[in-house]
Amino acid sequence: LGGRDPAAEDTESGYFVLRIALTEALKGAVGRGLGAMLPGFIGTIAARFGGPVALKLSAQAAPVVGAAGGAAVNIAFLEHFSGIARAHFTIRRLERVHGPALVKAGYEAIRRGPERA
């Protein structure tokens, strides 16, 4: 109210717009009572602050959405590489028990398929 900053002027004009809107919404409210006045009052406030509040909520939700996406990617990689590690160490165990040549021959038989075995 009286500052030289352009941002302050925007705030000041927003203040006066809200003040005028509330004055219009509250005209005649004394005779009607709180029950009749409240919906119009809330509607006026919601109309004024609905956009900025939605914008703020969406801006604040962006990091949460990013974190959830990152967690989903991490879980996918973890599951994939856990499966690869399980297969690798299963093959290593089979090679220790039965020998590398027999395990490789079994792998080649599976790779060729049943019709060529």
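Each reported figure results from applying straightforward, stated rules to the coordinates on display, with no laboratory input. Keep in mind it's a predicted model, so treat the numbers as computed, not measured. FYI the Cβ positions are ideal-geometry reconstructions off the backbone, even for glycines, and counts take in every protein chain you see.
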If you filter the stretch 55-117 for trypsin sites (Lys or Arg not before Pro), then keep DSSP loop positions with at most 13 other Cβ within 10 Å, what is left?
Arg116
Would you calculate the separation in nanometres between label points at Ile84 and Tyr15, each defined as 7 Å from the Cα along the Cα-to-beta-carbon direction?
6.1
Rounded to the nearest Å, the spacing of the alpha-carbon centers of the stretch 42-64 and the stretch 72-117 is 53
